[in-house]
Amino acid sequence: MSKKIEVGVLGATGSVGQQFLRLLKDHPFFTVQEIAASERSAGKRYREVVNRISESDLPDGVADMIIQDAEGTCNSQVLFSGLDSSVAGEVEAQHAAAGHIIISNSKNHRWDQYVPLLIPEVNHDHLALIRQQPYGKGCIVTNPNCSTIGVVMALKPLYDAFGINALSITTLQAISGAGYPGLSASDIMDNVVPHIDGEEEKLESEPRKILGTVSELGIIPSDLKISAQVHRVPVSDGHTAAVQVAFADTPTPDEILEKWQQFTSRPQVLHLPSAPVRPITYFTGAAHPQPLLHRLTENGMGICTGRLRECPIFGYKFTVLSHNTIRGAAGGAILCAELMKEDGWI
C-alpha cells in the first residue's frame, strides 16, 4: 500500500471541520497531520476548545492535537477548509499561493474565474481549470452550496439526456446547515423560517456554472433558467427540495427513472472510497424520501429522489433529499480530493 497523503483541516473546531475529522478517520488515502482554527484557539489542545456536535468519539490522535493558527504556515500538501466565510477568502488564497492544494467548503472562491465548483459525478472535467490558476503548485477547488449539490446531482442525467429549459426549486433546509451555534431554539422550534441569507442566489446561479462548459476564459455557464425559494425547518440533518422541471425534449416517467437508476460517473468507475455505489436512489413510497429515514443512504453520500409525477405548469415535479453536512459539505469535499488524487492532481 502506498504511503498516505498528509492533510490538514482548516476551521477544524467548527461543525464542518468536525465532520471532516470524523470522515477522515482511517481514510485509505489521507491522514490528518495538522489542524488549524482561529487565533483564539491556536496553541490549545483540540479537546479543550471544540464544542462537540456529534455523538461519535473524537478520532484517535485528534483530541490531543495542538491547534495551529489558520493564518500561519502549514506543512501538509492538502488542506481541507471548513473556515467561516468571513476569513476563508484571504486565508485560502494565502495557502494556495504557498503551494498547498485547498479543497474548500466555503463560498468565497466559488465564482473565481478558474476555480472549479466541483461535484465529482457531474463536472469532473472542470478540474482542467486548475492549470490556469495563478497559484503555481497550489490551487483552490470548491464545493458548491449544500442544497445545490443534491439538486444538481438529481438533474445531471436528465439534463444530459433530455435538456432542461427551466427549474423551480423550493428547499426545506435542516438547522445544521446554519452551522454552530446556528439558530436559537426560539427561532426554529415550532416554526419555519422562509429566508436564509444568500441561499436563493446560490441556488439560482451555481447550477449554471456546474452544468457549464470549460473555456480558456473559465466556465461558460449554462443558460438554464432557475427560480428558487428557501426555508429553514426544524430538522437536524438533511435538506429536502421540491423541484419542478421544464424539459427541452419531454421524456416519459419511465425514461426519467431509468436515467436515475443507470447514472454512474467517474467516481464509481474509479471505486473511490467515499463514492456512493448508486449515486441516485429513487424511493417509491408515497411519502418518501424523508430526512429521518433516508438521509444516511449510501453513508450519507447518496442522493434520494421520490414522488416523480406530472406537473401541469412545468411538465414534471419530484422531491430530492441529500445529507447537507456529509454529501453537501465535508464528505463531498473529501470525494473531490479522492478524485484529484486518482486523476493525478494530487
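Details
- Any hit, the range 40-49, residues being under 21 Å from G138 (Cβ atoms), part of a loop (DSSP other than H, G, I, E, B) and of a type in the set (S, T, Y): no
- Residues of the range 324-339 that turn out to be outside any helix (DSSP H, G or I) and aliphatic (A, V, I, L, M), as a count: 0
- Filter pass, Q33 being in a strand (DSSP E or B), over 29 Å from A178 (Cβ atoms) and either open to solvent by 50 Å² or more (accessible area, probe 1.4 Å) or of a type in the set (K, R) (or both): yes
- Looking across the range 130-150, the residues that are farther than 25 Å from I175 by Cα and surrounded by 24 or more Cβ atoms within 10 Å (Cβ to Cβ) come down to C139, I140, V141.
- The lone exception for G177 - which of (1) modelled with pLDDT of 95 or more; (2) crowded, with 18+ Cβ neighbours inside 10 Å it fails: (1)
- Residue identified as open to solvent by less than 20 Å² (accessible area, probe 1.4 Å), within 19 Å of the chain's Cα centre (by Cα) and closer than 22 Å to I313 by Cβ among V245, V230: V230
- Residue in the range 134-147 that is out of contact with any helix residue (DSSP H, G or I) (no Cβ under 8 Å at 6 or more places or on another chain), within 27 Å of I101 (Cβ to Cβ) and of a type in the set (K, R) present: yes
- Qualifying residue in the range 151-165 (condition: out of contact with any helix residue (DSSP H, G or I) (no Cβ under 8 Å at 6 or more places or on another chain) and crowded, with 20+ Cβ neighbours inside 10 Å): yes
- Residue pairs whose Cβ atoms lie under 6 Å apart, separated by 6 or more positions or on different chains, with the first residue in the range 197-210 and touching a residue at least 12 places away in the same chain (Cβ under 8 Å) and open to solvent by 30 Å² or more (accessible area, probe 1.4 Å) and the second in a loop (DSSP other than H, G, I, E, B) and aliphatic (A, V, I, L, M), are R208/L224.
- S184 among the hydroxyl-bearing types (S, T, Y) and modelled with pLDDT under 95: yes
- Of the residues making up the range 161-186, just one is assigned to a helix (DSSP H, G or I), over 20 Å from the mean Cα position of the chain (by Cα) and either closer than 25 Å to K107 by Cα or aromatic (F, W, Y) (or both), namely F162.
- Residue satisfying all of: in the range 54-68; modelled with pLDDT of 95 or more and open to solvent by 50 Å² or more (accessible area, probe 1.4 Å); farthest from the chain's Cα centre (by Cα) among these: I66
The values are calculated or read from the model by the stated rules, or taken from the named source; none is laboratory data. The structure presented is a predicted model; accordingly, all values stated were derived computationally and were not measured. Here the Cβ is made from the backbone with ideal geometry for all residues, glycine too, and neighbour counts use every protein chain on show. These accessible areas exclude ligands, DNA and RNA; they are computed on the full protein's heavy atoms, side chains included. Shrake-Rupley method; radii C 1.70, N 1.55, O 1.52, S 1.80 Å.
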